[in-house]
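Only one structure is covered here, and it is reproduced in the block below.
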Amino acid sequence: MTTVHNLGYPRIGPRRELKRALEAYWAGRIDREALLAEARAVRDARWRDQADAGLDLIPVGDFSLYDHVLDMSALLGCVPPRFGASDEPVDLDTYFRMARGRAPSGAPADACEMTKWFDTNYHYIVPEFAPDQAFRIASEGLFDEVVAAQAQGYRVKPVILGPISYLWLGKMKGGVDDRLALLDNLLPVYGQILYRLGALGVDWVQIDEPALALDLPPTWRTACEAAYNRLQGRGPKRLLATYFGPLAENLALACGLPVDGLHLDAVRADELALAADRLPGYKVLSAGVIDGRSPWRADLAVLCERLAPLAERLGADRLWLAPSCSLLHVPVDLSQESGLDPELRAWMAFARQKLDEVVALRQALAGEGGEALTAASAALAARRASARVHRADVAARLAALPPDAARRASLYEARAQVQHEKLHLPPLPTTTIGSFPQTDEIRTARRDWRAGRLDEAGYEAFLRTEIEHVIRAQEAYGLDVLVHGEPERTDMVEYFGERLDGFAATAHGWVQSYGSRCVKPPVIWGDVSRPRPMTVDWSVYAQSLTERPVKGMLTGPVTILQWSFVRDDIPRAEVCRQIALALRDEVGDLERAGIGVIQVDEPAFREGLPLRRADWPAYLDWAVQAFRLATSGVADETQIHTHMCYSEFNDIIEAIAALDADVITIETARSDMELLDAFADYAYPNEIGPGVYDIHSPNVPAAERMRALLYAAAERLGWSRLWVNPDCGLKTRGWPEVEASLREMVASARALRAEI
Ligand code: GLN
Ligand code: ZN
């Protein structure tokens, strides 16, 4: 029989039980034993769910108290010295201090860096290497889990991150970046791990090497081959798991490595047949055919047809079936979504349902159990035929757009002139990025309103008071371009998702973003349109309170797309264009309502970049066009701002310039303005607000420091096009530090105006 397995499963629990336990432990409300007991309960339930679904091999080691890359660093003893050197196993609080900088015990220290896991919204803790980094087995966690799962009667398949991907994802601290030189120290420890797993009676180990789906430099490819040659030997069989894209030029390399099986992502790539040609007869091919990145139900009949020739060729023993990647990236269980429109629900599958799909596919391939196939086909046929999904009016409006719809009427120079005449701003105008503190009062009012304890009118009145407070505060601090503070938004994408047609919200569709943090992306299931204005009343109200300009505040089309689950029946570019058109309507309404400055945030612009360079130009082209479509329908005198955070701009500066926003604000304070080099080298023509202080820290920035940063910015770009603003929104900060920081910031800008 064909083996069915899974690469990884959500860790948070169906009701985010793990999140609550972690946060209670960090806050000192529960002790270590209570945390570990709760974590074990979540972990054991996941194993049970996967076994109940009928999987042959249950992944073990994919569960984590924070992050699986950090687990790997703990397992390999790769702990930076600032967390305290020791020969002991890495203890729980050291682990949490690496992730978060602090824990119930141990001295606080700077947390390790965190960054996005490939092109997902999951963030991992970046391994830090010293030039002579040593490794040792420094955690029993993985082995303990294996023993626990075996004791519960499961046939386990431990999961570890492979040495090439582990090094690739890490960073060298100090010295030249020669991570590959660390393989000599690293591989013996991998050898010991495999040996110990073998000694526990494990027959298969899954070694993840997602880096093989990237453009790997030749030295890394060579090193990969050498590394796996060195790891060859006795012990459990090895399944090399790749995902997130085609292996392309790395396929031959992957097929040739001395391992016992290869897993390929067959959703984002079509390399199964090629791999079957190349794989030696003793190796297994694991087909990742169920989409681990989307909430959509699979077309089992189509998959069955696609897999049948492969099954024939490889035989039932050599073909394995699985989701394309770990199910970490989809919500846990659709059966909890009783409130979701039943028609939409029938089109969807979350992690638990995806396991059923894998098992049903195996049955179908064996010529049994046709009902699941028929049910899937019927649901998908209904989805394709649904009159709700495809909207003639949306298509007609997009088709009727004039050819110059994505171009402002005049070039920046001309626009800038009329904008300056109209806005009368001083040099170095001061502004903020949009949000002000989301206080307990705001959260309580929102909760009361959602629970029906506060009526619509009461909630609206509350928000208006909040907005008035934010406006008065900004006037008092002396800011030049004000914002309304975004008190009505929990989340910059959810807010728009709730107001646009074609989007659905789930009740429990949480996915882990990092550590205990989860996000609940809206689901884009149909053509997008805007039934009514979404933000205009708030902005108009805010503007009515003050003589100074108030910026309208929208989330951009690329960011809304990027932070949602997107339908899979039309190209992403097309969905993005639909969102852009809806936003264009909103921008137009804001302008007509007298809002002369409008910010369209695109913090996710860079993270939308495809994994492979060859795919960048196409993405950048449609992403830029979408932003421009959303923002180009206004008069010259209307000033369009955009905002991006965490961004490195070097390799996309041309696209950033092509957005043609009148003003871009970016996060630069922690980089000493080095990020601006890209803008300077490119001779970026429009206005820029480089962040002058880090909003992630509660510390009030020193005027000296902001002044130095602005001088550093002016050295690169000149004074005339600079704005002065914080790095990002202020919603996570408290009022006292916001007040002190913004007063300092305004004072610095004013002092500089007198000097320049
Ligand atoms: N306008 C948003 C805010 O101020 C921008 C957030 C972001 O860039 N992520 O919160
Ligand atoms: Zn930001």
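The values are calculated or read from the model by the stated rules, or taken from the named source; none is laboratory data. These figures come from a predicted structure and were not determined experimentally. Cβ sites come from the backbone with ideal geometry, for glycine too, and all protein chains shown count toward neighbours.
Here are the numbers:
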{"read-out": "Condition broken by residue 476, with the remaining ones in (1) of a type in the set (A, V, I, L, M, F, W, C); (2) closer than 30 Å to residue 747 by Cβ; (3) touching a residue at least 24 places away in the same chain (Cβ under 8 Å); (4) away from ligand 1 (no atom under 14 Å from the Cβ) satisfied", "value": "(3)"}
{"read-out": "Residues that are in a helix (DSSP H, G or I) and in contact with a helix residue (DSSP H, G or I) (Cβ under 6 Å, 6 or more places away or on another chain), drawn from region 6-25", "value": "17, 18, 21, 25"}
{"read-out": "Enumeration of residues in region 8-40 that are among the aliphatic types (A, V, I, L, M) and touching a strand residue (DSSP E or B) at 6+ places or on another chain (Cβ under 6 Å)", "value": "12"}
{"read-out": "Any chance residue 328 is touching a helix residue (DSSP H, G or I) at 6+ places or on another chain (Cβ under 9 Å) and under 20 Å from residue 58 (Cβ atoms)", "value": "yes"}
{"read-out": "Selected residue (criterion: surrounded by the fewest Cβ atoms within 10 Å (Cβ to Cβ)) from residues of region 108-130 that are among the β-branched types (Val, Ile, Thr) and assigned to a loop (DSSP other than H, G, I, E, B)", "value": "126"}
{"read-out": "Members of region 472-492 found to be touching a helix residue (DSSP H, G or I) at 6+ places or on another chain (Cβ under 6 Å), of a type outside the set (Lys, Arg) and within 16 Å of ligand 2 (Cβ to nearest atom), listed by number", "value": "485"}
{"read-out": "Filter result (among the polar types (S, T, N, Q) and touching a residue at least 12 places away in the same chain (Cβ under 8 Å)) within region 681-699", "value": "686, 699"}
{"read-out": "Matching residues, region 371-398, being buried (at least 17 other Cβ atoms within 10 Å of the Cβ) and of a type outside the set (A, V, I, L, M)", "value": "383, 391"}
{"read-out": "When residues of region 643-668 are limited to those that are within 15 Å of ligand 2 (Cβ to nearest atom) and within 15 Å of residue 721 (Cα to Cα), the one surrounded by the fewest Cβ atoms within 10 Å (Cβ to Cβ)", "value": "663"}
{"read-out": "Selection status of residue 175, free of Cβ contacts under 8 Å to residues at least 60 places away in the same chain and in a helix (DSSP H, G or I)", "value": "no"}
{"read-out": "Filter pass, residue 587 being away from ligand 2 (no atom under 16 Å from the Cβ), part of a loop (DSSP other than H, G, I, E, B) and touching a strand residue (DSSP E or B) at 6+ places or on another chain (Cβ under 9 Å)", "value": "no"}
{"read-out": "Subset of region 659-677 [over 24 Å from the mean Cα position of the chain (by Cα) and either modelled with pLDDT of 95 or more or within 16 Å of ligand 1 (Cβ to nearest atom) (or both)]", "value": "660, 661, 662, 663"}
{"read-out": "Answer residue from region 250-267, given it is under 19 Å from residue 612 (Cα atoms) and in contact with a helix residue (DSSP H, G or I) (Cβ under 8 Å, 6 or more places away or on another chain) and is surrounded by the fewest Cβ atoms within 10 Å (Cβ to Cβ) among those", "value": "252"}
{"read-out": "Enumeration of residues in region 127-169 that are of a type in the set (Val, Ile, Thr) and touching a helix residue (DSSP H, G or I) at 6+ places or on another chain (Cβ under 7 Å)", "value": "137, 146, 156, 160, 164"}
{"read-out": "Residues of region 599-657 satisfying the condition of being of a type in the set (D, E, K, R), within 14 Å of ligand 1 (Cβ to nearest atom) and more than 18 Å from residue 684 (Cβ to Cβ)", "value": "601, 607"}
{"read-out": "Test: residue 540 is within 16 Å of ligand 1 (Cβ to nearest atom) and over 20 Å from residue 493 (Cβ atoms)", "value": "no"}
{"read-out": "Subset of region 412-456 that is acidic (Asp, Glu) and surrounded by 13 or more Cβ atoms within 10 Å (Cβ to Cβ) - its residue that is nearest to ligand 2 (Cβ to nearest atom)", "value": "441"}
{"read-out": "Extreme residue, modelled with the highest pLDDT, among residues of region 618-648 that are under 16 Å from residue 601 (Cβ atoms), of a type outside the set (Gly, Ala, Ser) and in a loop (DSSP other than H, G, I, E, B)", "value": "645"}
{"read-out": "Top-ranked residue of region 669-697 - restricted to ones that are more than 12 Å from ligand 2 (Cβ to nearest atom) and aliphatic (A, V, I, L, M), ranked as surrounded by the fewest Cβ atoms within 10 Å (Cβ to Cβ)", "value": "683"}
{"read-out": "Count of region 604-642 residues which are within 30 Å of residue 549 (Cα to Cα), within 16 Å of ligand 2 (Cβ to nearest atom) and among the charged types (D, E, K, R)", "value": "1"}
{"read-out": "Residue list for region 424-455, filter: of a type in the set (S, T, N, Q), within 13 Å of ligand 1 (Cβ to nearest atom) and either free of Cβ contacts under 8 Å to residues at least 40 places away in the same chain or closer than 13 Å to residue 731 by Cα (or both)", "value": "432, 435, 438"}
{"read-out": "Region 537-574: number of residues that are over 26 Å from residue 394 (Cα atoms) and hydroxyl-bearing (Ser, Thr, Tyr)", "value": "4"}
{"read-out": "Criterion (polar (S, T, N, Q) and in a helix (DSSP H, G or I)) met by exactly one of 105, 73, 86", "value": "73"}
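Listed here are the residues, each with its yes/no results for (1) modelled with pLDDT under 95; (2) under 34 Å from the mean Cα position of the chain (by Cα); (3) not in a helix (DSSP H, G or I).
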site	(1), (2), (3)
382	no, yes, no
422	no, no, no
427	no, no, yes
443	no, yes, no
